[in-house]
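Visitor: Take a look at this one; I'll ask things after.
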């Protein structure tokens, strides 16, 4: 009795396959251990165990409702008021999911950029400078310097350097999103979380944003949720595939896209999902 | 009667009703302005009232109205702002929140005369503050709080929740996010609500007749020391406002030119409310433009 | 450059300025809320304790207060009991409220329908700002116009003094009209557009659509608007007091002087001595007003709940 080759391949595939980056010798900045997220009594994330490598881009992919955004928002405790997060979130050896952690100081180090650009109703300059002012940076020269470097790093400086006093609400979608990145990096974070940052942008702005992220990884560890598989393939070193609240596969991006070990991942990345 | 004919008749009736309502409302406005505006003069707006002879003005009442308005808004705005912030930004959906919301609704539906009587009982009698500007300002505050709170809360609701997340993600506390990001963005709409509620406070009388009182002692407009009894700024003096004045001279019927004075005072009130309305629209729009323009 | 986890943990657990501000903000804003709640409790508490004194201290029978027709607190009747029957004022208040709501409702809803369904462009453009402005006109101005226009008109038409329920109704009708109209317009605006489109597509005429679909769907909102107007009419003091005549007698016709709870209160409170029976009886009237306003509030809530269930 023999099986067709296709069925053979299927049975050979694993249920779950995780290769953590430390196995390849990368230093780890952030890791979740035994992480569970609940909305009320409904469990949204079952055991999310991932490590994130320093100065690399890690992409979280998966179908809608797979829990990747919930997972990302748990990392800097943006879900504190709406969900219960259990387990450990180890940031450079410290569990930041403890109740006595100062979430504000933690979020300064683990910044976030959202799906829809959300510039504040202030001038471009103030969008970046105002959080610094609140943290005691008041010297004009110092502020000017940080605003310029942040905008340069976000590849927005050349376009707005003469309009710093104008309202940020007048920027185009792509510019506004880069302003939000500049705003996030102005407070000198260690890790940058991005929740589908390009989903509201046109293709040109998207590719500019991707270039920016590739440059930013020299300075920051980046974790990005994306719907766009080409985007994950283009910019990330590691990719985690989420499905129904579980991490089904985690490996280097090239492994995930060329040699997936789990059937569902294979179906998803080849576009045969559902 | 077939459907088409019925339709015609019904629509015609609706036109009639709407026309009649427009007519009533315009006649009302017209009457106030036509009978009142000719009374207006510099003398009328600045001279003190005369109880038994013709030719008095409403100067002191006008000043009292504005002074009470400013005091009442100064007291009520911070309270309303704090409550609105708590209700919208912090309050969880539990029985405490629901109870407080119900309490605010009850306060907003209380007849203003009941609010005024409470002010009389508590401030004038119990705290021995007498008929005074301060008693009146507190009564107006109570009358104003629920509406102002609701209008500020509505203003906060118009701001995209994403703005809050933006602030939190920078490591700001909710409070910093609210005061530095959300409130500045909500200023145009908060201002509109503020001015509209000021209009209501300006014309209120029932809450004042037993708190700020019904007499307007002579004021010395050269004396701005709030501790002197004849100083316009003294908050412990009784102070009849314009709206109370209209009520009083009409119910007493002693003043020989009560009707002319009331017409003039009514016109002043209505014009003031009109200006409040226009200012609310204009300033709100302008500020919003400034906030969003390139 | 790299810190030990212990050092980092210490930094992350140190209470930041943001955390301190957060606590401060919560305390400040919650205090503001508590102030409002305390005011409400104080108002109800004070008015209730004063209003109940008539029954507890002066031993007036609650039933004879509510059903007695004679209001003359300074005089005692044949049985040595003070005459504090509030029925005439209660009837006056209800009569004037119900009549003005009866007249105002068709006008207000008709106008709202006109603004929203028939002429949403031009009609609404004129009516909207006018109603909004009139909502803000002080009630004493309504009272003054009632006194100088409506009272003389009633006097000339029906004889007598011109003061009475009819004049009060006219004043309140004009006064609540803008409020009820603008709330009704809000209720109609909340009806989804596709309701109308679906009905018109089925061949219904515009009137059938308005009557059978739009008004049905907006019923809870319209009822809220009317009850809200009634609450305002019931609690209005000065405008009514100026035209109703202030005679605490059972109303026998609409054009005889009568009294309402609010009118007797506003004229009486200043002329009685605190703590006397005459004064306490007035506070009992205030308590009736307060209770009625709670009842109106409750009705509005019930309508809202029923509307949501549908």
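Visitor: Between residue A:80 and residue A:199, what's the calculated FRET efficiency when r is the beta-carbon distance and R0 is 30 Å? Round to 0.05.
Guide: 0.80
Visitor: Can you classify region C:1-154 as rounded, prolate or oblate using the Cα gyration tensor, where a ≥ b ≥ c are the square roots of its eigenvalues, rounded means a/c under 1.5, and otherwise it's prolate if a/b beats b/c and oblate if not?
Guide: Oblate, since a/c reaches 1.5 and b/c is not below a/b.
Visitor: Based on DSSP H runs of at least 4 residues, each adding -39500 (n - 2.57), what is the mean residue ellipticity at 222 nm of chain B after dividing by all its residues, to the nearest 500 deg cm²/dmol?
Guide: -22500 deg cm²/dmol
Visitor: Would you mind pulling out the separation of the Cα centroids of region C:234-310 and region B:165-232, in Å?
Guide: When both Cα centres are located, 30 Å separates them.
Visitor: Moving on. Could you please rank A:114, C:158, C:296, placing first whichever residue has the fewest other Cβ atoms within 10 Å of its Cβ?
Guide: With the fewest neighbours first, A:114, C:158, C:296 line up as C:158, C:296, A:114.
Visitor: Between rounded, prolate and oblate, where does chain B land on the alpha carbon gyration tensor, with a ≥ b ≥ c its root eigenvalues, rounded for a/c under 1.5, else prolate if a/b exceeds b/c?
Guide: In terms of gyration-tensor shape, oblate.
Visitor: Per-residue Cβ counts within 10 Å, from other chains only, averaged over B:176-182: what number is that?
Guide: Mean shielding by partner chains, rounded to a whole number: 5.
Visitor: Right, another one. For every helix of n ≥ 4 consecutive DSSP H residues, a contribution of -39,500 (n - 2.57) applies; sum these over chain C, divide by its total residues, and give [θ] at 222 nm rounded to the nearest 500 deg cm²/dmol.
Guide: Estimated from H runs of four or more residues: -23000 deg cm²/dmol.
Visitor: In a Gaussian network model over chain C where Cα atoms closer than 10 Å are linked, find which of C:92, C:121, C:162 has the largest mean-square fluctuation.
Guide: Comparing C:92, C:121, C:162 in a Gaussian network model of chain C, the most mobile one is C:121.
Visitor: If R0 is 45 Å, what FRET efficiency do you get for residue A:152 and residue C:219 from their C-beta distance, rounded to 0.05?
Guide: The pair residue A:152/residue C:219 has a calculated efficiency of 0.15.
Visitor: Right, here's the next one. Cα axis of helix A:203-216 to longest principal axis of chain A: angle in degrees, 0 to 90, nearest 10?
Guide: Compared with the principal axis, the helix lies near 90 degrees.
Visitor: Next up: Rounded to the nearest 0.05, what FRET efficiency do residue B:291 and residue C:35 give with R0 = 30 Å and r taken as the Cβ-Cβ distance? Could you check?
Guide: Computed FRET efficiency for residue B:291 and residue C:35: 0.45.
Visitor: Which whole-number percentage describes the relative contact order of chain C, with Cα contacts under 8 Å and a sequence gap of 6 or more?
Guide: With pairs under 8 Å counted, the relative contact order is 23 percent.
Visitor: Suppose a student asked you for the relative contact order of chain A, using Cα pairs under 8 Å spaced at least 6 residues apart; what percent would you report?
Guide: 28
Visitor: Picking from A:54, A:261, A:218, which is most flexible by a Gaussian network model of chain A using Cα springs under 10 Å?
Guide: A:218
Visitor: Compute the distance from the alpha-carbon center of region A:175-243 to that of region C:5-51, in whole Å.
Guide: 38
Visitor: Let me ask something else about it. Determine the relative contact order of region B:40-292: mean sequence separation of Cα pairs under 8 Å and six or more apart, normalised by residue count, in whole percent.
Guide: 26
Visitor: Moving to a separate point now. Can you compute the label reach from residue B:98? Point 7 Å from Cα along the Cβ direction, backbone N cut-off under 12 Å, restricted to region A:63-106.
Guide: No residue passes the distance filter.
Visitor: Distance between the C-alpha centers of region B:254-281 and region B:66-144? Whole Å please.
Guide: Between the Cα centres of region B:254-281 and region B:66-144 lies a distance of 26 Å.
Visitor: Between residue B:26 and residue B:215, what is the spin-label point distance in nm, taking each point 7 Å from the Cα along the Cα→C-beta axis?
Guide: Using points 7 Å along Cα→Cβ, the separation is 4.7 nm.
Visitor: Select from A:96, A:28, A:82 the residue whose mean-square fluctuation is largest in a Gaussian network model of chain A (Cα-Cα springs shorter than 10 Å).
Guide: Looking only at A:96, A:28, A:82, the largest GNM fluctuation is found for A:82.
Visitor: With N residues in region C:1-56, what two-decimal value do you get for its Cα radius of gyration over 2.2 N^0.38 Å?
Guide: 2.39
Visitor: Taking the Cβ of each residue in B:282, C:142, B:288 as the centre, tally the other Cβ atoms inside 10 Å and list the residues starting with the fewest.
Guide: Ascending Cβ contact count within 10 Å gives the list B:282, B:288, C:142.
Visitor: Using a 7 Å offset from the Cα along the Cα-to-Cβ direction at both residue C:212 and residue B:105, what is the distance between the two label points in nm, to one decimal?
Guide: It is 3.4 nm.
Visitor: Another one. Give me the inter-chain shielding for C:120-130: mean count of other chain Cβ atoms within 10 Å, whole number please.
Guide: Average neighbour count from other chains, rounded to a whole number: 2.
Visitor: Could I ask something else about it? By its C-alpha gyration tensor, with a ≥ b ≥ c as the square roots of the eigenvalues, how is region A:113-235 shaped: rounded for a/c under 1.5, else prolate for a/b larger than b/c, else oblate?
Guide: prolate
Visitor: Now for a separate question. For B:208, A:151, which order do you get if you count the other beta carbons within 10 Å of each Cβ and list the fewest first?
Guide: With the sparsest Cβ surroundings first, the list reads A:151, B:208.
Each value in this text was obtained by applying a stated rule to the coordinates, not by laboratory testing. These numbers were taken from a predicted model, which means no experiment stands behind them. Glycine gets a Cβ as well: all are built from the backbone with ideal geometry, and neighbour counts include every protein chain shown.
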